[in-house]
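K.L.:
Here's a structure for you.
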Amino acid sequence: MFRLGKWLLLSFLCGLAVPSAHAGFQPPSPDELKMTSEPQAPGAPAIILFRQVDRDDNIHTPHEDNYIRIKILTEEGRKYADVEIPFFKENSDIVNIRARSIRPDGSVKEFDGKVFEKSLVKGRFEGRQERYLAKTFTLPDVEVGSIIEYYYTIDFREYTLFDSHWFLSHELFTKKAAFTLKPFVGGGMYPNYYVRWSWNNLPVGTTPPKEGPRGTIDMEASNIPAFPSEDYMPPPDELKSRVDFIYEEGIVNRDQAKYWKDLGKKRDGQLESFVGKQKEMQQVVAQIVSPADAPEVKLRKIYDRVQQIRNTSFEVEKTEQQQKREKEKPAENVAEVWKRGYGNGVQLTWLFLALARAAGFEAYGCWVSGRNEYFFTPVTMQGEKLNANVVLVKLNGKDLYLDPGGAFTPFGLLEWYETGVSGLKLDRDGGSWIVTTLPLPSESRIEKVAKLTLSDTGELEGQLTITYTGLEAASRRIQERHSDDVARKKYLEDSAISEIAAAGEAELTNKPDWANSETPLVAEFKLKVPGWISNAGSRAMIPAAMFTAGERTTFEHTNRVHPIYFQFPHEKVDDITIQLPPGWRVSSIPKSQEKDAHVINYQMKVEADPSSLHLTRKVSIDIMMLQAKYYPALRDFFEIVRTGDGEQIMLQPGEVHAGTN
């Protein structure tokens with residue numbers, strides 16, 4: 001109710017696009033048939049010759065017709081014959097699929113096979129769990145030089161007002177693309193809604209969209225560069241060439257300051273109507289806190305109590321039929337949420353706000369812009385991008401941002417995508433801009449403590465304890481919240497062994513606490529790693545670092561296109577003790593390593609006594625975003641890390657010599 005009743009359609013749906021489904025296939029030209037390469041995309045496995053997107057946002061049968069024609073240029077490019085069209089089951093479906101392949105000689109093979117539906121991922125979105133699916137099919141007899149083409153229609157749920165997008169960027173170079181939108185004109189359930197548009201990173205030479213003679217909005221584009229995917233990149237949709245269409249109620253005011261002031265007043269009114277049950281909330285607070293409690297203790301007790309309430313945003317989504325049978329009306333205020341004993345994440349965060357105020361705290365409701373899909377700027381005047389709610393509390397003279405509606409989020413932290421972002425602190429005058437805090441690396445930590453014994457045959461065996469804290473713990477609890485004990489056990493064991501650059505076994509021996517957001521997530525293992533030593537003549541060697549397999553290829557590529565993006569500051573700490581076999585001694589150890597690049601820090605140290613080794617390692621990352629121009633320095637830093645991790649400890653075996661690796 002606080003998000004203006006809109007559904008955001010994620011950009012994945014436009015990544016593969018098509019001509020009106022009613023237009024049929026478009027014949028290729030002789031030049032397209034004989035094409036063997038594209039000068040503007042040298043070495044490309046395939047290119048998009050043409051794609052068209054025709055969207056109709058009418059309220060009763062909103063839909064989008066898509067057409068795409070792809071030229072296969074290399075053997076690798078044949079993979080594009082396996083087509084995958086993603087969509088969200090809750091608000092859309094893929095229909096009218098037609099496909100065919102054209103051989104280099106011009107002969108045509110119509111697709112008459114089966115279209116399958118598979119599950120991709122499930123994610124929380126707008127207070128719901130949504131099923132992310134895909135329609136898949138494979139075009140037969142596709143060879144180098146072939147052209148494949150297909151079209152389909154995305155049918156959206158009726159009576160839903162969408163924010164429309166055109167995504168020009170694709171993983172393949174696009175020679176030509178055409179886009180049309182028939183916008184929704186206010187009426188019916190939305191009598192006063194109007195559309196405007198903004199654009200981002202349009203290709204060079206592309207004219208922005210304009211209104212056509214038939215009431216449509218039109219645009220054409222040519223020579224759209226391929227969109228590369230890189231590790232640790234910002235949300236892809238934020239970087240892609242795109243046009244956003246924004247539906248808003250009332251006459252769109254082009255004055256930016258007035259726009260946000262009006263929106264702030266409106267949302268503040270909605271919020272105060274929802275939380276304005278002070279007498280009832282004071283009675284609830286009396287059940288939760290004691291008058292003698294210190295302020296922070298009171299706030300923690302309220303926070304913990306709210307997090308104990310059933311949070312429907314993190315449950316498995318009910319079917320539409322189940323929801324209709326229950327005839328459940330949304331809670332109208334915080335008193336109803338408390339009485340019901342459940343609510344979605346937005347409602348629970350506002351309940352916390354009401355309780356904090358009832359306990360005497362100065363507290364404000366804030367709408368912030370989550371950075372998991374887009375980065376926010378007030379310039380575009382898109383109120384729907386303020387899509388996550390948090391509470392600002394004044395505690396001991398400091399600003400504290402809290403979001404108990406984010407399941408498993410510890411007190412004092414926010415969900416990762418709510419950190420370090422802009423938002424509106426609401427008040428009756430229209431609010432003011434704030435920026436949420438970014439946590440310290442030490443607040444989100446992975447610590448591995450191992451006590452191991454090295455056998456004279458080169459096998460490591462012993463106990464390993466991995467402790468996840470802060471957002472590292474929260475992200476794993478959210479990811480595995482619907483898994484059973486068997487699946488969670490396998491997840492933790494696989495995670496542990498994947499960090500070791502050798503085959504090994506990790507058996508979970510405890511029962512981690514998956515439910516409590518305030519306690520670290522602690523996993524204890526019985527660890528066994530054979531063949532950990534290698535021979536060097538009469539001596540043996542073991543690496544100075546152990547849990548580094550996941551970082552060995554980090555930032556190893558020479559070039560970088562996109563900025564470097566870490567979801568949140570974090571650190572990894574390893575503390576390993578290795579008991580040596582009887583009669584063995586240490587010949588040499590590498591020098592200690594420490595590299596401080598201000599926002600990134602690396603430390604590695606090896607200590608030895610006559611019978612054991614003590615290995616410590618720490619990597620701390622205190623940054624969210626780094627521009628691509630700084631990538632060479634970042635790459636050099638991680639090369640130092642790899643070099644340090646690759647240092648060897650020299651051992652002198654006793655009478656029984658080490659095995660070979």
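K.L.:
Here is a check on your reading of the model: is Leu351 in contact with a Gly (Cβ under 7 Å, 6 or more places away or on another chain), in a helix (DSSP H, G or I) and at pLDDT 95 or above?
P.N.:
yes
K.L.:
Give the residues of the stretch 231-280 that are of a type in the set (Phe, Trp, Tyr) and within 15 Å of Thr380 (Cα to Cα), sorted by residue number.
P.N.:
Within the stretch 231-280, Phe245, Tyr247, Tyr259, Trp260 meet the criteria.
K.L.:
Okay, moving on. Pairs under 6 Å by beta carbon, first residue closer than 21 Å to Glu248 by Cα and in the same structural domain as Arg51 (by TED's automatic domain parsing) in the stretch 197-219, partner among the aromatic types (Phe, Trp, Tyr) and surrounded by fewer than 17 Cβ atoms within 10 Å (Cβ to Cβ), six or more apart or different chains?
P.N.:
As it stands, the answer is Pro208/Trp199, since those pairs meet every condition given.
K.L.:
Which members of the stretch 53-90 meet the condition of being at pLDDT 95 or above, among the hydroxyl-bearing types (Ser, Thr, Tyr) and either within 15 Å of Phe156 (Cα to Cα) or part of a loop (DSSP other than H, G, I, E, B) (or both)?
P.N.:
Scanning the stretch 53-90 gives a single hit, Thr74.
K.L.:
Of the residues Ala474, Ala523, only one is of a type outside the set (Lys, Arg), over 20 Å from the mean Cα position of the chain (by Cα) and either on the phi < 0 side of the Ramachandran plot or assigned to a strand (DSSP E or B) (or both); which?
P.N.:
After applying the criteria, what remains is Ala523.
K.L.:
If we keep just the residues of the stretch 596-641 that are among the basic types (Lys, Arg) and under 15 Å from Asp574 (Cβ atoms), which is farthest from the chain's Cα centre (by Cα)?
P.N.:
So, considering only residues that are among the basic types (Lys, Arg) and under 15 Å from Asp574 (Cβ atoms), the one farthest from the chain's Cα centre (by Cα) is Lys605.
K.L.:
Quick one: in the stretch 107-149, which of the residues that are at pLDDT 95 or above and of a type in the set (S, T, N, Q) is farthest from the chain's Cα centre (by Cα)?
P.N.:
Among residues in the stretch 107-149 that are at pLDDT 95 or above and of a type in the set (S, T, N, Q), the one farthest from the chain's Cα centre (by Cα) is Ser146.
K.L.:
So, one more: Taking Asp456 and the conditions (1) in contact (Cβ under 8 Å) with a residue 60 or more places away in the chain; (2) buried (at least 22 other Cβ atoms within 10 Å of the Cβ), which numbered condition does it fall short on, given that it satisfies the others?
P.N.:
Among (1) in contact (Cβ under 8 Å) with a residue 60 or more places away in the chain; (2) buried (at least 22 other Cβ atoms within 10 Å of the Cβ), Asp456 violates only (2).
K.L.:
Restricting attention to the stretch 497-520, which residues are without any contact (Cβ under 8 Å) to a residue 40 or more places away in the chain and either not assigned by TED's automatic domain parsing to the domain that holds Arg476 or not in a loop (DSSP other than H, G, I, E, B) (or both)?
P.N.:
If the condition is that a residue be without any contact (Cβ under 8 Å) to a residue 40 or more places away in the chain and either not assigned by TED's automatic domain parsing to the domain that holds Arg476 or not in a loop (DSSP other than H, G, I, E, B) (or both), then Ile497, Glu505, Glu507, Leu508 are the ones that fit.
K.L.:
For the stretch 22-51, enumerate the residues that are modelled with pLDDT under 95 and aromatic (Phe, Trp, Tyr).
P.N.:
The answer is Phe25, and nothing else.
K.L.:
In the stretch 150-221, which strands (runs of 3 or more DSSP E) lie fully inside it and hold 1 or more residues that are at pLDDT below 85?
P.N.:
193-200
K.L.:
Right, next: Only one residue in Asn389, Asn344, Asn372, Asn311 is closer than 30 Å to Pro236 by Cα, in contact with a Cys (Cβ under 8 Å, 6 or more places away or on another chain), assigned by TED's automatic domain parsing to the domain that holds Glu415 and among the polar types (S, T, N, Q). Which one?
P.N.:
Asn389
K.L.:
Given (1) within 30 Å of Pro225 (Cα to Cα); (2) charged (D, E, K, R); (3) modelled with pLDDT of 95 or more, identify the lone condition not met by Glu556.
P.N.:
Glu556 satisfies all of (1) within 30 Å of Pro225 (Cα to Cα); (2) charged (D, E, K, R); (3) modelled with pLDDT of 95 or more except (3).
K.L.:
Could you say which residue among Pro582, Pro569, Pro530 is crowded, with 19+ Cβ neighbours inside 10 Å and touching a residue at least 60 places away in the same chain (Cβ under 8 Å)?
P.N.:
Every option except Pro569 fails the conditions.
K.L.:
Follow-up question, since we're still on this one. Which condition number does Thr349 fail, the rest of (1) in contact with a strand residue (DSSP E or B) (Cβ under 6 Å, 6 or more places away or on another chain); (2) over 14 Å from Gly405 (Cα atoms) being met?
P.N.:
(2)
K.L.:
Here's another thing I want to ask about it. Mind checking whether some residue in the stretch 621-628 is under 30 Å from Asn201 (Cβ atoms), modelled with pLDDT of 95 or more and among the small types (Gly, Ala, Ser)?
P.N.:
Taking every residue of the stretch 621-628 in turn, at least one turns out to be under 30 Å from Asn201 (Cβ atoms), modelled with pLDDT of 95 or more and among the small types (Gly, Ala, Ser).
K.L.:
Identify all residues within the stretch 27-60 that are out of contact with any Asp or Glu (no Cβ under 6 Å at 6 or more places or on another chain) and either over 22 Å from Lys79 (Cα atoms) or not assigned by TED's automatic domain parsing to the domain that holds Arg157 (or both); write none if there are none.
P.N.:
Scanning the stretch 27-60 gives Pro27, Ser29, Pro30, Asp31, Val53, Asp56, Asp57, Asn58, Ile59.
K.L.:
Another question, then. Does Trp416 count as in contact (Cβ under 8 Å) with a residue 12 or more places away in the chain and under 19 Å from the mean Cα position of the chain (by Cα)?
P.N.:
Judged against the criteria, Trp416 is a match.
K.L.:
Sticking with this structure for a sec: Can you name the number of the only condition in (1) within 25 Å of Val606 (Cβ to Cβ); (2) modelled with pLDDT of 95 or more that Val522 fails?
P.N.:
It fails just one condition, (1).
K.L.:
Would you point out the residue of the stretch 222-237, among those that are under 18 Å from the mean Cα position of the chain (by Cα) and not in a loop (DSSP other than H, G, I, E, B), that is farthest from Phe566 (Cα to Cα)?
P.N.:
Asp237
K.L.:
In addition: When only residues in the stretch 533-566 that are under 22 Å from Arg635 (Cβ atoms) and among the polar types (S, T, N, Q) count, which is surrounded by the most Cβ atoms within 10 Å (Cβ to Cβ)?
P.N.:
Per the stated criteria, the residue is Thr548.
K.L.:
Restricting attention to the stretch 135-144, does a residue exist that is of a type in the set (A, V, I, L, M), within 26 Å of Ser241 (Cα to Cα) and surrounded by 16 or more Cβ atoms within 10 Å (Cβ to Cβ)?
P.N.:
Among the residues of the stretch 135-144, not one is of a type in the set (A, V, I, L, M), within 26 Å of Ser241 (Cα to Cα) and surrounded by 16 or more Cβ atoms within 10 Å (Cβ to Cβ), which makes the answer no.
K.L.:
If you don't mind, another one. Tell me, which strands (runs of 3 or more DSSP E) wholly within the stretch 564-611 include 1 or more residues that are assigned by TED's automatic domain parsing to the domain that holds Gly644 and among the hydroxyl-bearing types (Ser, Thr, Tyr)?
P.N.:
Output list reads 570-579, 585-588, 600-609.
The values are calculated or read from the model by the stated rules, or taken from the named source; none is laboratory data. In this text, all values refer to a predicted model and were calculated from it rather than measured experimentally. Heads up, the Cβs are rebuilt from the backbone with ideal geometry, glycines too, and the neighbour counts pull from every protein chain shown.
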